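This report refers to the structure that appears directly beneath it.
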Amino acid sequence: MASLRVQNLHLPASGSRFSYSARRHQNYCRAAINFPSNLSPKGAATFQNLLPVIKLDELAQNQQYSVITEIAKTKPLGSPKESRLLVSKLQSIAEAVADRVEMHNIIGQQRNNWNHLFLHSINSFALSASLMTGISAALPSHLLALKLSSMLLLSAAGGMMLVVNKIQPSQLAEEQRNATRLWKQLSREINIMLSNKSNLTEEDVNLAMDKVLALDKAYPLPLLPGMLEKFPEHVEPTCWWPKKQNKKSPTPVNKEKSEGNGWSQELEVEMMGLKNVLKMKDESFYVELGKLVLGINKGLAWSGPAIAGLATIATGFVDSPIGGSWAPVASIVGGALVAVLNTVEHGAQLGMIFEIFRNCPGLYRKIQEEIECNLSEPEVELRENGEIFATRVALQLGRSVSDLKDFEVFASASCKVEDMKEFASKLF
């Protein structure tokens, strides 16, 4: 028997991802072509014609194995060492976020206690001063002591009001409550990324760090310095997220645009209309409410200490020729009015209400930026999944996904606020 054997081809170690395919080709090449020795001239000629085909096949296989070997020798995209480093970085961020949650929660409770303490203390001082001024008329022998005590209490009430109106404890407490909620949300996002370590990238770690820095800037921990302006000249929505760099502005939807990844032409129209409603109706409405509450709060913040000061001066003229009968009346009424104004300002927590009206448009602006970021991406496969995105946005606004279809008519840039009969959000 004449025999033709192809030499074995040596491949990389079995640990390579190509080992299984390589063994298949190796076993295939071990096959031998056996034929009888007493071939006829015709059979021998046929075999001679097969030899070039066999040689060409062997050459192609050698080239294929050479390519496989070179690929197997290349370094993988994410080595175990790099993966461990990314996980360690993200775990450090997760620990810092968990610490921020505890700190903001504790500080929020503390500043809420401040609001109750100062509220009741100032009211007690003002009402006690008014009562002492009234009693002084019935006890002339103790006039000096009662008058000095009343002046001291009114002065203390006015000074405390100046400090409290500057820091706005109810607003500080609301800031910390919002911060605690947002830090918990970021902690859940990081834990989800840590649970999927195989797909972790450097970009994920950098994004988590940017979110931490943005939250620290939006809701600072220290009271002084670093406290947010309590009476800003211009009311702007709160921004607690890192700004995304859009490649370009969202373009009007055209019918030739490709679909996929949960996106459709109808969904793009819905998102564009929703963005317009959020910007022109929801956001502007709460910004205007914030300006109104800020004006009322600012007026009370200045009038309370001023009236306390006038009442203190009036108390000094009690039982004097200049004071006459108006000084006791001014002192008593002034003290009572100080308690009323303080109760309206800090008992009703106008600072907290202003902070709510500043955070609501912040959420609406964040949704607008997310919609713009997705619609500005021409490749639908690079966007967030359309169905998931629509569900998340609908839940943030307290609506169902089917409700988003109601905003299709507002997708045009020429749409006016007067045409919008309903707000986009049902939660606030």
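The values are calculated or read from the model by the stated rules, or taken from the named source; none is laboratory data. The structure displayed is predicted, hence computed values, not measured ones. Glycine also receives a Cβ, built like all others from the backbone with ideal geometry; neighbour counts cover every protein chain displayed.
Details
- Residue among Ala301, Ala339 that alone is at pLDDT 90 or above and closer than 30 Å to Cys239 by Cα: Ala301
- Just one residue in the set Leu144, Leu186, Leu182, Leu194 is more than 28 Å from Ile107 (Cβ to Cβ) and part of a helix (DSSP H, G or I); that residue is Leu144.
- Number of positions in region 371-428 that are part of a loop (DSSP other than H, G, I, E, B) and either within 19 Å of Lys244 (Cα to Cα) or of a type outside the set (Asp, Glu) (or both): 25
- Selection count, region 101-151, where residues are among the aliphatic types (A, V, I, L, M) and over 47 Å from the mean Cα position of the chain (by Cα): 13
Matching residues to (1) surrounded by fewer than 24 Cβ atoms within 10 Å (Cβ to Cβ); (2) touching a His at 6+ places or on another chain (Cβ under 6 Å); (3) more than 30 Å from Ile371 (Cα to Cα); (4) aromatic (Phe, Trp, Tyr):
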| residue | (1), (2), (3), (4) |
| --- | --- |
| Leu274 | no, no, no, no |
| Met280 | yes, no, no, no |
| Ser284 | yes, no, no, no |
| Leu289 | yes, no, no, no |
| Ile296 | yes, no, yes, no |
| Ala301 | yes, no, yes, no |
| Gly309 | yes, no, yes, no |
| Gly316 | yes, no, yes, no |
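Listed here are the residues, each with its yes/no results for (1) under 29 Å from Lys298 (Cα atoms); (2) buried (at least 17 other Cβ atoms within 10 Å of the Cβ).
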{"residue": "Leu117", "(1), (2)": "yes, no"}
{"residue": "His120", "(1), (2)": "yes, no"}
{"residue": "Ser130", "(1), (2)": "yes, yes"}
{"residue": "Ile135", "(1), (2)": "no, no"}
{"residue": "Leu144", "(1), (2)": "no, no"}
{"residue": "Leu154", "(1), (2)": "yes, yes"}
{"residue": "Met161", "(1), (2)": "yes, yes"}
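- Criterion applied to Ser414, Ser400, Ser376 was being of a type outside the set (D, E, K, R), surrounded by fewer than 19 Cβ atoms within 10 Å (Cβ to Cβ) and touching a Pro at 6+ places or on another chain (Cβ under 9 Å), and the one residue passing it is Ser376.
- The sole residue among Ser66, Ser79, Ser130 that is at pLDDT 90 or above and of a type in the set (Ser, Thr, Tyr) is Ser130.
- Taking the criterion of being within 25 Å of Asn165 (Cα to Cα) and part of a loop (DSSP other than H, G, I, E, B), the residues of region 321-349 that qualify are Ala348, Gln349.
- Taking region 197-219 as the range and being under 18 Å from Ser88 (Cβ atoms), of a type in the set (A, V, I, L, M), in a helix (DSSP H, G or I) and in contact (Cβ under 8 Å) with a residue 60 or more places away in the chain as the test, the residues that pass are Val205, Ala208, Met209, Val212.
This table checks each residue for (1) within 28 Å of Ser170 (Cβ to Cβ); (2) of a type in the set (Phe, Trp, Tyr); (3) in a helix (DSSP H, G or I).
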residue	(1), (2), (3)
Leu278	yes, no, yes
Ser284	yes, no, yes
Leu289	yes, no, yes
Trp302	yes, yes, yes
Pro305	yes, no, yes
Asp319	no, no, no
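- Within region 362-376, residues that are more than 16 Å from Thr391 (Cα to Cα) reach partners that are basic (Lys, Arg) with beta carbons closer than 6 Å, at six or more positions or on different chains, in the pairs Cys373/Lys244; Ser376/Lys247; Ser376/Lys248.
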